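The values are calculated or read from the model by the stated rules, or taken from the named source; none is laboratory data. Only a predicted model underlies this, so the values are computations on that prediction, with no experimental measurement involved. Cβ coordinates were reconstructed from backbone atoms using ideal geometry, including for glycine residues, and neighbour counts include every protein chain displayed. Only protein heavy atoms, including side chains, enter the accessible area calculation; ligands, DNA and RNA are left aside. Shrake-Rupley method; radii C 1.70, N 1.55, O 1.52, S 1.80 Å.
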Amino acid sequence: MTESIISLDSINPIEFFGVNNGKLDLLKKKFPLLKILSRGTQLKLSGAPEEVATAQEKIGQIISYLERNGNLSENYFEQILGDEEKVDNFKDRNSGEILVFGPNGRNVKARTANQKKMVALADKNDIIFAIGPAGTGKTYTAVALAVRALKNKAVRKIILTRPAVEAGENLGFLPGDLKEKIDPYLRPLYDALDDMIPADKLSYFMTNRVIEIAPLAYMRGRTLDNAFIILDEAQNATELQLKMFLTRIGASAKAIITGDLTQIDLPKNQKSGLEKATRILKHIDGIGYLQLDEEDVVRHRLVKAIIRAYDAAKEKEDH
C-alpha cells in the first residue's frame with residue numbers, strides 16, 4: 001500500500017473535477033482499486049504502488065493539458081484516461097496562450113500578436129521593456145506573467161511598483177495612512193490582480209508580503225531578489241529613478257518595465273528616463289524590448305480610433 005498527494009494549484013480545480021465531480025467519478029471508475037480523495041486543490045491516491053504510479057501518470061497528462069489549454073471536455077478527459085496517444089494527437093489552437101486561471105474559471109491569456117511576443121520575450125529574458133499606448137494590455141500581461149511565475153514557484157514574491165508622480169513622490173500632504181495615500185496611484189495593479197487571484201488568497205498574499213505593491217520611491221536601498229518585479233508607468237520615472245530601480249534587481253529576479261512615452265506626467269523641469277533607458281539598454285543580451293501599438297488595444301473599440309486621432313494631430317503639430 002502506498003499513498004500519493006497530487007497538487008492541482010497550477011490549474012483550475014473545477015476543470016479537473018468537472019461539474020458535480022463528473023470527471024472525478026470517471027477517474028475513480030478507471031482506477032477502481034484505488035482510494036481517491038479530493039481535498040480542495042489536492043488529490044490523494046491510496047493503493048497498490050503500480051496502480052498509484054499509473055494513475056499519477058494519467059493525472060499528470062491531464063494537468064499538463066489543462067495548464068496549456070485551460071479547459072477539457074468530459075469526453076476528452078475520458079479519452080486521455082483510456083489512450084496515451086490522445087494527449088499528443090489532440091491539438092488546441094489556443095495551446096500555450098493561457099497564462100493563469102482567474103477566479104470562477106476565467107482564463108487570462110495573451111490576446112494579440114504583440115502580447116504573445118511579450119510572453120515569449122519574458123520567457124527568454126530577465127528584463128524586458130514593453131512600451132505602448134494605453135489599453136494595449138502591457139500591464140495586464142505583465143501582471144499575468146508575474147502571477148504565473150508565482151504559481152509555478154519560479155519566484156517567491158511579486159513586487160509591483162509605480163512612480164507616484166501626481167503626489168510628487170512625497171504623498172505627505174494627502175489625508176489618511178500610507179495605504180490610503182498610495183492606493184489611488186496603484187489601483188490599476190490591484191484591478192489586474194483581482195482578475196487573476198481569488199480575493200481570500202490575494203488578501204493572504206498581500207498580508208504576508210508575498211505580493212507587494214508600493215511607489216517607486218520605496219524601492220530605494222533594497223535588493224529585489226527571488227521576485228518578479230513590474231515597474232508600471234515607467235515614463236514617469238526620472239533617469240535617476242529608473243537607474244535606481246534597474247540596479248535593485250537581484251540575481252534570481254525577473255523584471256518587466258512598462259510605459260507610454262506619449263503620456264509623460266512629470267513636471268516640465270524633469271525629464272523621463274524611459275526613452276534613454278530603452279535606447280541604451282535594449283541591445284544588451286538578456287534584456288528584451290517590445291513596442292506595442294493601437295492594434296494591440298483590447299479595450300473599447302473606440303480607443304483605437306482615439307489613439308490614431310491623437311497621433312495624427314501630433315504629426316500635424318510637429319510639422
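Mind checking the dipole of region 179-253: about its Cα centre, +1 per Lys or Arg Cβ, -1 per Asp or Glu Cβ, Debye to the nearest 20? Let's see the in-between values first.
On the way: 9 positive and 11 negative charges, 80 e Å.
For this selection, approximately 380 debye.
Between ILE80, ILE230, ILE256, find the one with the highest GNM mean-square fluctuation for the chain; connect C-alpha pairs within less than 10 Å.
The residue that fluctuates most here is ILE80.
Set Lys and Arg Cβ to +1 and Asp and Glu Cβ to -1, take the dipole of the chain about its Cα centre, and tell me which of GLY286, ALA305, LEU33 lies farthest positive.
GLY286
Per DSSP H run of n ≥ 4, the term is -39500 (n - 2.57); total these for the chain, divide by its residue number, and report the mean residue ellipticity at 222 nm rounded to 500 deg cm²/dmol.
Working: 12 runs with 137 residues, N = 319.
Counting only the DSSP helices, I get -13000 deg cm²/dmol.
When the distances between all Cα atoms of region 98-313 are binned every 5 Å from zero, what whole-number percent does each bin get?
In whole percents, the pair-distance histogram is 1, 7, 15, 19, 21, 18, 12, 5, 1, 0.
Averaging sequence separations of C-alpha pairs under 8 Å and six or more residues apart, then dividing by the length of the chain, give the relative contact order as a whole percent.
That works out to 19 percent.
List, largest first, the extents of the alpha carbons of region 263-302 along their principal axes, each in whole Å.
Cα spread of region 263-302 along its principal axes, largest to smallest: 34, 33, 10 Å.
With 25 Å as the limit, write out which pairs from LYS116/LYS304; LYS117/LYS282; LYS35/LYS58; LYS124/LYS276; LYS157/LYS268; LYS153/LYS282 have Cα-Cα distances beyond it, or answer none.
Distance filter (> 25 Å) returns LYS157/LYS268; LYS153/LYS282.
May I ask for the net charge around GLN235, where only other residues with Cβ less than 9 Å from the Cβ of GLN235 are counted and Lys, Arg are +1 while Asp, Glu are -1?
Around GLN235, the charge tally is -4.
How large is the charge dipole for the chain, taken about the Cα centre, if only the Cβ atoms of Lys, Arg (+1) and Asp, Glu (-1) carry charge, to the nearest 20 debye?
Result for the chain is approximately 360 debye, rounded to the nearest 20.
For the chain, what proportion of DSSP beta bridges, expressed in % and rounded to the nearest 5, is antiparallel?
Values: 15 of 40 bridges.
Bridges in the chain are about 40 percent antiparallel.
Roll a 1.4 Å probe over the protein heavy atoms and report the accessible area of LYS243 in Å², nearest 10.
Here the accessible area works out near 130 Å².
Could you compute Rg(Cα) / (2.2 N^0.38 Å) for region 2-81, with N its residue count?
Numbers: Rg = 11.5 Å, N = 80, 2.2 N^0.38 = 11.6 Å.
Region 2-81 yields a ratio of 0.99.
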